[in-house]
Amino acid sequence: MKYQGSCHCRAVTFEVVAPEQVEVEDCNCSICSKAGFLHLIVPKKDFTLLSGKSALTTYTFNTGVAKHSFCKHCGIKPFYIPRSNPDGVDVNVRCLDTKPSQINIVKFDGQQWEQNAHTLAHKSKV
């Protein structure tokens with residue numbers, strides 16, 4: 001299935017290919033818990049930025065591997081390149097205009113990221 005998504009002001013729009021039933025992570029790390037991000041990690045080939053590249057700004061911290069992309073206008077982070085899967089894209093399922101028919105939300109202990117990141121490594125593989 002192809003899903004369309006956007007930031008709040010729609011300056012940034014994208015498309016992602018994902019199944020009708022998805023498993024997403026609810027991470028308790030310092031940035032995800034404050035932003036309310038629900039993680040749908042996909043291979044890069046399954047993500048297309050449709051518009052708004054110039055509206056994006058990037059935030060990095062700690063190791064600098066994760067590239068958090070935010071809309072400069074409305075401040076929403078609809079997707080980013082995750083540290084756990086730098087070969088993929090992590091889409092905020094809450095930013096999808098239409099949602100998969102079944103969303104299974106699983107808790108991810110991002111406060112203990114080093115011990116748990118390996119459980120996500122398969123998500124960006126083809």
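The values are calculated or read from the model by the stated rules, or taken from the named source; none is laboratory data. Just so it is clear, the model here is predicted, and its values are computed rather than measured. Positions of Cβ are generated from backbone atoms using ideal geometry, with glycine treated the same way; all protein chains shown enter the neighbour counts.
Quick one: which of 91, 65 is of a type in the set (Val, Ile, Thr) and in contact with a Pro (Cβ under 6 Å, 6 or more places away or on another chain)?
Selected residue: 65, the only one of 91, 65 that is of a type in the set (Val, Ile, Thr) and in contact with a Pro (Cβ under 6 Å, 6 or more places away or on another chain).
Specify the residue that is surrounded by the most Cβ atoms within 10 Å (Cβ to Cβ); the eligible residues are those in segment 95-119 that are in contact with a helix residue (DSSP H, G or I) (Cβ under 9 Å, 6 or more places away or on another chain) and not in a strand (DSSP E or B).
Residue satisfying both the conditions and the ranking: 110.
Looking at (1) over 23 Å from residue 108 (Cβ atoms); (2) out of contact with any Lys or Arg (no Cβ under 9 Å at 6 or more places or on another chain), find the lone condition where residue 44 falls short.
(1)
Are any residues in segment 26-36 within 13 Å of the chain's Cα centre (by Cα), at pLDDT below 95 and not β-branched (Val, Ile, Thr), and if so, which ones? I'd like the intermediate steps shown before the answer.
First, the residues of segment 26-36 that are within 13 Å of the chain's Cα centre (by Cα): 26-27, 31-32, 35-36.
Next, from what is left, pick out any that are at pLDDT below 95: 27, 31-32, 35-36.
Those that are within 13 Å of the chain's Cα centre (by Cα), at pLDDT below 95 and not β-branched (Val, Ile, Thr): 27, 32, 35, 36.
Here are some conditions: (1) surrounded by fewer than 14 Cβ atoms within 10 Å (Cβ to Cβ); (2) in a strand (DSSP E or B). Residue 42 meets all but one. Which one does it not meet?
The one condition residue 42 does not meet is (1).
For segment 100-126, which residues satisfy the criterion of being modelled with pLDDT of 95 or more and more than 15 Å from residue 33 (Cα to Cα)?
Within segment 100-126, 100, 101, 102, 103, 104 qualify.
Hey, any hits in segment 39-49 for a residue that's out of contact with any strand residue (DSSP E or B) (no Cβ under 7 Å at 6 or more places or on another chain) and either of a type in the set (A, V, I, L, M) or farther than 20 Å from residue 17 by Cβ (or both)?
Here is the first cut: in segment 39-49, the residues out of contact with any strand residue (DSSP E or B) (no Cβ under 7 Å at 6 or more places or on another chain) are 45.
Checking the rest, the ones that are also either of a type in the set (A, V, I, L, M) or farther than 20 Å from residue 17 by Cβ (or both) come to none.
No: segment 39-49 contains no residue that is out of contact with any strand residue (DSSP E or B) (no Cβ under 7 Å at 6 or more places or on another chain) and either of a type in the set (A, V, I, L, M) or farther than 20 Å from residue 17 by Cβ (or both).
Residues of segment 17-34 being within 19 Å of residue 71 (Cα to Cα) and either crowded, with 17+ Cβ neighbours inside 10 Å or among the acidic types (Asp, Glu) (or both), which ones?
32
Filter segment 48-94 down to the residues that are among the aliphatic types (A, V, I, L, M) and part of a helix (DSSP H, G or I), then identify the one that is surrounded by the most Cβ atoms within 10 Å (Cβ to Cβ).
First, pick out the residues of segment 48-94 that are among the aliphatic types (A, V, I, L, M): 49-50, 55-56, 65-66, 76, 81, 89, 91, 93.
From the residues that got through so far, the ones that are part of a helix (DSSP H, G or I) too are 55, 93.
Details: 55: 18, 93: 21.
In this case the residue turns out to be 93.
Could we say that residue 53 is at pLDDT 95 or above and touching a strand residue (DSSP E or B) at 6+ places or on another chain (Cβ under 8 Å) here? Talk me through it step by step, then tell me what you get.
Working: at pLDDT 95 or above: yes; touching a strand residue (DSSP E or B) at 6+ places or on another chain (Cβ under 8 Å): no.
Here the answer is no, as residue 53 does not meet what is asked.
Can you find, within segment 1-16, the residue that is surrounded by the most Cβ atoms within 10 Å (Cβ to Cβ) among those that are assigned to a strand (DSSP E or B) and over 13 Å from the mean Cα position of the chain (by Cα)? Write out each step before concluding.
First, the residues of segment 1-16 that are assigned to a strand (DSSP E or B): 2-6, 13-16.
This time we only want the ones that are over 13 Å from the mean Cα position of the chain (by Cα), so: 2-4, 13.
Working: 2: 10, 3: 20, 4: 13, 13: 18.
Top of the filtered list is 3.
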